[in-house]
Each structure stands twice: as C-alpha cells, then as structure tokens.
Amino acid sequence: MKRFEEKWTAWLDGQLSGRELAEFEASLPDKAAAEAEKTGARKLRQLLKDQLGVRALTNEEFFSHQIHERIAQESGDVSPASGRHRIESSTWWTIPRLLSAGTVSVAVFLVCTVLLMHEKKPTEESQYLTQILNARVDPVISPNATVSIFEVKQDRVTVLWTEGLQSLPADYAAK
Amino acid sequence: MGRSPAYVIAVVALIISATPALQAAQTVWSGLVIAENVAQPQPIPPELTRIEGSLKAFFGYNQFQVIGQSQKKLKTGQEDWLATSKFFGLYVDARGESEAGYVLNLKLYKEKELLLETDAKLSKRSPLVIKGPQVGGGQLLLVLIVQ
C-alpha cells in the first residue's frame, strides 16, 4: 500500500488514474491549494527541462570536441612532465641550495687562496734576497781561488765570499 | 651605470701597471770598502749604517772605510757605471730590471787586471757584499745597495 507522499508525487506527475485518483483527490483537505501546487510543480519541471537540458552538439562541434580530446590524450604524457619541469626549474634555486652553493664557493676560494699563498711564499721570499747567478775568478792570477755564497738573515745581506785571491800590499787601500 | 665597474677595473689596472714604473727610478750605491781592525775605529759611513751589524759580525772587522763609490740613479735598468779608487775599479753593467730588482754584471779590476766577475740579481731590499782580495792587514769589500 502506497504512502501519502508516494501518492502525492504520483499525483503531481499525473500518474494516478481511475479509482486511485478519485480516492486520493477525495482525501485532500484543500483540493484548490493542491491543484495550485501541482500547476506550480509542472511549471518548475518544464523550466528545468528547458534550461538544464543537454544541448545536442552539431557535427562540426562534435568533431572539434573529439579532436581536442585526442590531442589532450596524446599530449597527456608530456604536459604533466613539462609542468613538473617548470616547477622544478623554478624551485631549483631554493634558499638552502643557494646557501650550500655559497658555502662551497667560499670553501673553494679559501682552499685555492691557501694553496696559492703556499706556492708563492718561497718565491716572494727569494725575491727579497739578492741572488748570485754566477761568479768567475781569473785562474791565471788566482789559480786557487774559490767562491761561496752566504745569506745573512739579519739584514738580508747576500755575501759572495771569495777565498784564495791574490793578496795585495796595504798601499792598495788608498782612495 | 652598467659601465661603472668596467671603468673602475680599467683605472685599477692602469694604477697597477703604472706602479712598477713609478718604482723603477731608484738609486744604486756602489762602494769599494776597506775593512780593518784598528784600535780607534772611525764611525761607519752613513751608506753602510743599515748593514753595519752584519758587516761586523760576518767579517769580524771594526772599521769600514769607503775608498771609492758611485751613486747611480737607474731609470731604464740598462745603465752602466764605475766606482773607482786609486788602484781598484768596480764596473757595473745593469742588464735589466724586474719586480724583484736589477740584473747586474760586476767586474772588479785591479788597475787593468780583471780579478773577479760575477752576475747577480740585486734585490731592492737585499744588499750585496763581495769579499775581495786581502789588502795589507785589511780586506777589500765591494758593496751594492739599492737606496
């Protein structure tokens, strides 16, 4: 046996007939108000049918839609990836990575500086001192002469020390 | 605005490149010195003051007298000059300049006799002393100092 709500819905939809229709309409307390509500429901249904109904596509629109769908499917593998790449490329230089890169750069700079300073130090030190490139003593005049080189750290003096040169009388000390 | 760093770099480079040229004009003092031990030593010549300690400690003499000297202002680093005494002559031939100093060829003559020849790179911060022959009770020293 149908409940009142089921019969009301069926009545609104015009699905009651015969004895069932007569019995339902007789049970209505205010038939005029019910008829007005039925009319309103029909109008609303018609309005919804007109406004929200699926619009049939024309042939051109249908094919265009199909082609767009296919393109979207075929490029489906690339688009998400490229999108991901865009995100990755835009987010690669994050602050932690920048800090790391900066730290590494400073470390490399310091290492290179220290290495260069270590390599350059002896050269700079030798530049401060006078260097004897070669020395020759006349073997005929001083056959037993020898030469030695000394560096006096105190005043950074370089000494070419000769030994065995011909001795001369004190007269040679004249100005 | 974008060119400003380039101008700054150019100016700095010019200053750096000009610096050696500004340093180039330096004077080399060359001296023939007799070192002796005497009872009443004379004060050391002013040219030798900066190496007085080293001379006394290394050679063991208490008096140093200049018997011949020369002061040469080097502009190109290719100059040559002579420091002479009565019997000795020190001929110096500068053969180029570097950042560290001057390349010199030195020849010590006794009258016209070549006693000693040497090539040296004379540093602007490091004097050169050459021990020459024994002269009487003393010692002939050749001293070169970039002043």
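The values are calculated or read from the model by the stated rules, or taken from the named source; none is laboratory data. Small disclaimer: the values here were computed from a predicted structure and weren't measured. Cβ atoms come from the backbone with ideal geometry, glycine included; neighbour counts cover every protein chain shown. Quick note on the areas: whole protein, heavy atoms, side chains included, nothing else; ligands and nucleic acids left out. Shrake-Rupley method; radii C 1.70, N 1.55, O 1.52, S 1.80 Å.
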Inter-chain shielding of A:137-143 (mean C-beta neighbours from other protein chains, 10 Å cut-off): 3
Chains B and A together, accessible area buried on both sides, 1.4 angstrom probe, square angstrom: 3500
Label point distance in nm, A:Ala170-B:Asn105, each placed 7 Å from Cα along Cα→Cβ: 3.8
Lysines with Cα under 19 Å of A:Lys153, excluding same-chain neighbours fewer than 8 positions away: A:Lys121, B:Lys56, B:Lys121, B:Lys124, B:Lys131
Cβ-derived FRET efficiency at R0 41 Å, B:Gln40 paired with B:Asp119, nearest 0.05: 0.60
For B:Val103, net neighbour charge (Lys/Arg +1, Asp/Glu -1) across residues whose Cβ lies under 11 Å away: -1
Computed lengthening from A:Glu60 to A:Phe109, 0.36 nm per intervening residue step minus Cα-Cα distance: 11.0 nm
For the stretch B:55-147, alpha-carbon Rg over 2.2 N^0.38 Å: 1.10
